[in-house]
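Worksheet: one structure, shown below.
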Amino acid sequence: MNTEIESTLEQEIQPKPKKWPIVLSLIIGLALGVVITYVGLLRIAYNNRSKIEEASSDVIESLNNDKITGNQGMLSKVSASKLETIIYILENYYYKDIDKEAMVDGVYKGIVGSLDDPYSDYYTEDEYNDLMQTLTGNYAGIGALLQKDVKTGEVTITKVYDNTPAEKEGLLAGDSIVSADGNLAVDEDLDIFVQHIRGEAGTDVKLVINRDGEKLDIKCTRASIATPTVEHQMLKGNVGYIAVSQFTEHTYDDFVAAYEDLESQGMEAIVFDMRNNGGGLVDSVVDILDYILPEGTVVYTMDKAGNREDYTSKASSYKSIPITVLVNENTASAAEIFTGAIRDFDYGTIIGTTTFGKGIVQSTIPLEDGSALKLTTQTYYTPSGDSIQGKGIDPDVELEYEFLGSKDAEYDVTLDNQIQKALEVLSSK
């Protein structure tokens, strides 16, 4: 028993083995492992980074080719890293080949799109050229005037011109265009969507039309179109009638020619029809107001810095004649400038329904490579200082449009209740 006890005591008092060399070896081993792993990861990251930079360098170079004074290379310093990574992922994992040019344009469009402004846009060179054709009134298309509802995205035909492909194929005012060559109208701005309708003369465009809930497939062969923006005629009682569909660079000359023709026929009063006029060039409408109104400010604009610019009438040719103006919910922009000036000068009676309410001005800025930027730059005000943005102009005589003829009857001014109301108002003056 004692032996057992002694033996046990001896084991307890013997010196313990030293463990620190083992622990140190483990620490050193772990540290080396971490270092080796980290170096490996750095090499992988560096290799991937090289691949990313190589894959996206041409796109970044294209973006950095913009001649922005004092900011050359700004993008690569600020955000190229994230952009390069996104481009690398798209090129390596997207299921289709990537169009580099479309990718660059997409970046520009995305920047402008971040403004959340339906009236600001980036145009490629082709899109800008198409826009210029629209403003000059000469293009190859189908000969229909279109209007887009900014709330629903629906594109509607507001006018079909005589002797055009649209008329020959039976398109009607009020038809909704669902798509053109498979491109959905609701997905694109109107300036972009009309490019699918326009094209080379003699080529076809396939349209899907919604007419009273029925879908129709219609093929139109494009033709060279010189759309008139001014139409005129003499109504009963020596009342002249001038309809303006939009304000382009030729509208003023056509307007003056129409007015002088009616004057030569003995015009004693006049109806200006601005219904379904979506606007156009500010200078064009200002020139027309200068032709009609006495001296004074016809419209003024203000930018965000408070800088004011006045557009005035010089009274060199103003017309002292009873006037009515027809408007509706599609009367917008420059057509509202016209309406607001007539109202504030107390120069005529406004008849119809409340106008659209677009009281902001866009400037189109051409860029060096042929592309362009359309940007909302100013708010405009009627002569009395009224901003109609988002609220429109209320008519003096509110009257919803009603066609007075039978369902199968062709349109005629004598069957247009708003024109007939205008004649009634003018007869009392």
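The values are calculated or read from the model by the stated rules, or taken from the named source; none is laboratory data. Computed from a predicted structure; not experimentally measured. With ideal geometry, Cβ positions are generated from the backbone for all residues, glycine too; neighbour counts draw on all protein chains shown. Protein only, heavy atoms only, side chains kept; ligands, DNA and RNA dropped before computing areas. Shrake-Rupley method; radii C 1.70, N 1.55, O 1.52, S 1.80 Å.
So the values come out like this:
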quantity	calculated
Sequence ranges 179-192, 412-425, ranked by mean other-Cβ count within 10 angstrom, highest first	412-425, 179-192
Inter-label distance, nm, simple model (7 Å from Cα along the C-beta direction), S320/K429	1.4
For region 93-163: accessible area per residue (Å², 1.4 Å)	56
Spin-label model distance (nm) - S363 vs E398, 7 Å beyond Cα toward Cβ	3.8
Sites T203 and M234 - FRET efficiency at Förster radius 41 Å, r taken between beta-carbons, to 0.05	0.55
Label point distance in nm, T221-E154, each placed 7 Å from Cα along Cα→Cβ	3.3
Long-range HN-HN contacts of L293 with modeled amide H, under 5 Å	K319
Gain on full stretching of the segment that runs from V107 to D181 - 0.36 nm per residue minus C-alpha separation	24.1 nm
Sequence-distant residues sharing a close amide H with I360 (under 5 Å, placed H)	Y380
Distance between region 150-188 and region 266-304 - C-alpha centres, whole angstrom	27
DSSP-defined antiparallel bridges as percent of all bridges, region 167-289, nearest 5	75
Peptides 322-334, 237-249 ordered by average Cβ neighbours within 10 Å, highest first	322-334, 237-249
Amide H contacts of V299 (H built 1.01 Å from N, under 5 Å, at least 5 apart or other chain)	Y311
